[in-house]
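Read through the structure below, which is laid out as structure tokens, and then see the notes.
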Amino acid sequence: MEFNNLLLEVKNSVATITFNRPKALNAMNSITMGELYQAAKKCRDDEDVKVVILTGAGDKAFVAGADISEMQNLRPQAALSFMEQGQETLRFIETMSKPFIAAVNGFALGGGTEIAMACDVRFASENARFGQPEILIGLIPGWGGTQRLARIIGMGRAKELVMGGEQITVQRAYEIGLVNRIYPQDQLMVESKKYATKLAALPAFALKMAKHSINYGYDLSLDNATRLEAECCAQCFSTDDQKEGMKAFLEKRKPAFKGF
């Protein structure tokens, strides 16, 4: 499948999806969002892909936001369709069984922050900046920003960023839990691929169950959430990888996982 605004590469069980509109600071328009959905589906259906990395072309931006030139004349119904397209795509990424890593290599503003938050892990370069500045153009976030941000960094900090429209440094993003790790610009993809390769070598079904349990248990009562966790853990006992992992542990050797 050919993409106009994305690059998709698969190597050593790791897929890298690169937003490739560097002249527009990788801003997201409807075409690019549609391509992101199709690229994610392709990664889901490709058995060789175990982990996915999202990053941006160039050294200035991950995704600088939604494409304002496309949005400025939208009427409410068309705007709703654009918001729904983004929400569907990001929810697909968030709930897909395979881990997603955001390698944020520069500006991640508005939609860029929202895309990063839909990923399971966020690594960032030292020059990265985050923010939900939609209020400054008379809008609010529309791709899940008001919801995921509050869940990740807390309601008070989320309101501060969304209502004030401020950008924050990568160090501040790390301090409030929006970013997992910070790397020098030239090491970001090296370290992201190293972590992705580590995940790709782990039991795929157990990774799927871990992601599922965290995602769907988060908003449940503790009793229901721990029940979900127990059921997900029990399902892992149906896999060859569980048998191999425990056998290798008892035999004091490295396990040879097969992904099923």
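The values are calculated or read from the model by the stated rules, or taken from the named source; none is laboratory data. These numbers were taken from a predicted model, which means no experiment stands behind them. Neighbour counts are summed over all protein chains in view; Cβ atoms, including those assigned to glycine, are modelled from backbone coordinates with ideal geometry.
The rows are residues; the columns are (1) at positive phi; (2) more than 14 Å from the chain's Cα centre (by Cα); (3) modelled with pLDDT of 95 or more.
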residue	(1), (2), (3)
Gly65	yes, yes, no
Ile68	no, yes, no
Asn73	no, yes, no
Pro76	no, yes, yes
Arg91	no, no, yes
Met96	no, no, yes
Ala102	no, no, yes
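I need the full set of residues from segment 11-46 which are among the charged types (D, E, K, R) and in contact (Cβ under 8 Å) with a residue 40 or more places away in the chain, in order please. Can you show your working first?
Applying the first criterion (among the charged types (D, E, K, R)) to segment 11-46 yields 11, 21, 23, 35, 41-42, 44-46.
Once the filter is applied, which keeps residues that are among the charged types (D, E, K, R) and in contact (Cβ under 8 Å) with a residue 40 or more places away in the chain, segment 11-46 yields Lys41, Lys42, Arg44.
Mind counting the residues in segment 25-51 that are under 30 Å from Phe260 (Cα atoms), assigned to a loop (DSSP other than H, G, I, E, B) and over 16 Å from the mean Cα position of the chain (by Cα)? Walk me through it before giving the result.
Kept after step one, since they are under 30 Å from Phe260 (Cα atoms), are these residues of segment 25-51: 35-51.
With the extra rule that they be assigned to a loop (DSSP other than H, G, I, E, B), the set shrinks to 46-50.
When the remaining residues are screened for being over 16 Å from the mean Cα position of the chain (by Cα), the result is 46-48.
Qualifying residue count, segment 25-51: 3.
Any chance segment 206-223 includes a residue that's part of a helix (DSSP H, G or I), outside the structural domain of Ile53 (by TED's automatic domain parsing), surrounded by fewer than 16 Cβ atoms within 10 Å (Cβ to Cβ) and hydrophobic (A, V, I, L, M, F, W, C)?
yes
Report the residue count in segment 125-159 for those that are within 23 Å of Asn29 (Cα to Cα) and either assigned to a helix (DSSP H, G or I) or of a type outside the set (Lys, Arg) (or both).
So the first thing to find is which residues in segment 125-159 are within 23 Å of Asn29 (Cα to Cα), and the list is 128-149.
Within this subset, residues satisfying the condition of being either assigned to a helix (DSSP H, G or I) or of a type outside the set (Lys, Arg) (or both) are 128, 130-149.
Here the count works out to 21.
Conditions: (1) touching a residue at least 24 places away in the same chain (Cβ under 8 Å); (2) assigned to a loop (DSSP other than H, G, I, E, B). Val162 meets all but one. Number of the miss?
Of the numbered conditions (1) touching a residue at least 24 places away in the same chain (Cβ under 8 Å); (2) assigned to a loop (DSSP other than H, G, I, E, B), the odd one out for Val162 is (2).
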